[in-house]
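Engineer: Got a structure here, written out as structure tokens. Questions coming.
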Amino acid sequence: MTLSDLLDDVFGALPEDRRKMVQAMVDEYGAGENLRLLLALVASADRRERRLARLLVNDIDRQELARENK
């Protein structure tokens, strides 16, 4: 399975409203396959999964900021 196939599967399984949200972001900001897949995965996540993803992103941002300030 290729990344493109996976993206098609995930994007295709999204409800129409979520698909439109992802497409609007891609249209506005541009996105390669990796980012489109990430956006589609986030759009398919439930509330708890999105919260955990936000926690991870916040931790990564803090870690990068700490590295930059050394």
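Engineer: Just checking, how many residues over the stretch 1-18 are surrounded by 14 or more Cβ atoms within 10 Å (Cβ to Cβ), among the aliphatic types (A, V, I, L, M) and not in a loop (DSSP other than H, G, I, E, B)?
Structural biologist: 3
Engineer: Please enumerate the residues belonging to the stretch 22-34 that are surrounded by 14 or more Cβ atoms within 10 Å (Cβ to Cβ) and of a type in the set (A, V, I, L, M).
Structural biologist: Residues satisfying the conditions are Val22, Met25, Val26, Ala31.
Engineer: Answer yes or no as to whether Asn69 is farther than 23 Å from Asp8 by Cα, surrounded by fewer than 10 Cβ atoms within 10 Å (Cβ to Cβ) and either modelled with pLDDT of 95 or more or not hydroxyl-bearing (Ser, Thr, Tyr) (or both).
Structural biologist: Against the criterion (farther than 23 Å from Asp8 by Cα, surrounded by fewer than 10 Cβ atoms within 10 Å (Cβ to Cβ) and either modelled with pLDDT of 95 or more or not hydroxyl-bearing (Ser, Thr, Tyr) (or both)), Asn69 qualifies.
Engineer: Against the definition (aliphatic (A, V, I, L, M) and more than 11 Å from the chain's Cα centre (by Cα)), how does Ala13 come out, yes or no? So that I can check it myself, show each step before the final result.
Structural biologist: Numbers: aliphatic (A, V, I, L, M): yes; more than 11 Å from the chain's Cα centre (by Cα): yes.
Answer is yes for this residue.
Engineer: Can you name the residue in the stretch 31-48 that is assigned to a helix (DSSP H, G or I) and over 14 Å from Leu3 (Cα atoms) and is also nearest to the chain's Cα centre (by Cα) among such residues?
Structural biologist: Per the stated criteria, the residue is Val42.
Engineer: Also: Given the condition of a type in the set (Val, Ile, Thr) and touching a Phe, Trp or Tyr at 6+ places or on another chain (Cβ under 9 Å), answer yes or no: does some residue in the stretch 55-65 qualify? Steps first, answer last, please.
Structural biologist: Quick first cut of the stretch 55-65, residues of a type in the set (Val, Ile, Thr) only: 57, 60.
Now narrow it down to the ones that are touching a Phe, Trp or Tyr at 6+ places or on another chain (Cβ under 9 Å): none.
No.
Engineer: Report yes if some residue within the stretch 19-30 is within 22 Å of Asp5 (Cα to Cα), more than 11 Å from the chain's Cα centre (by Cα) and part of a loop (DSSP other than H, G, I, E, B); otherwise report no.
Structural biologist: Yes, that holds for at least one residue.
The values are calculated or read from the model by the stated rules, or taken from the named source; none is laboratory data. It should be emphasised that the depicted structure is a prediction, and the values quoted were computed from it without experimental measurement. Glycine gets a Cβ as well: all are built from the backbone with ideal geometry, and neighbour counts include every protein chain shown.
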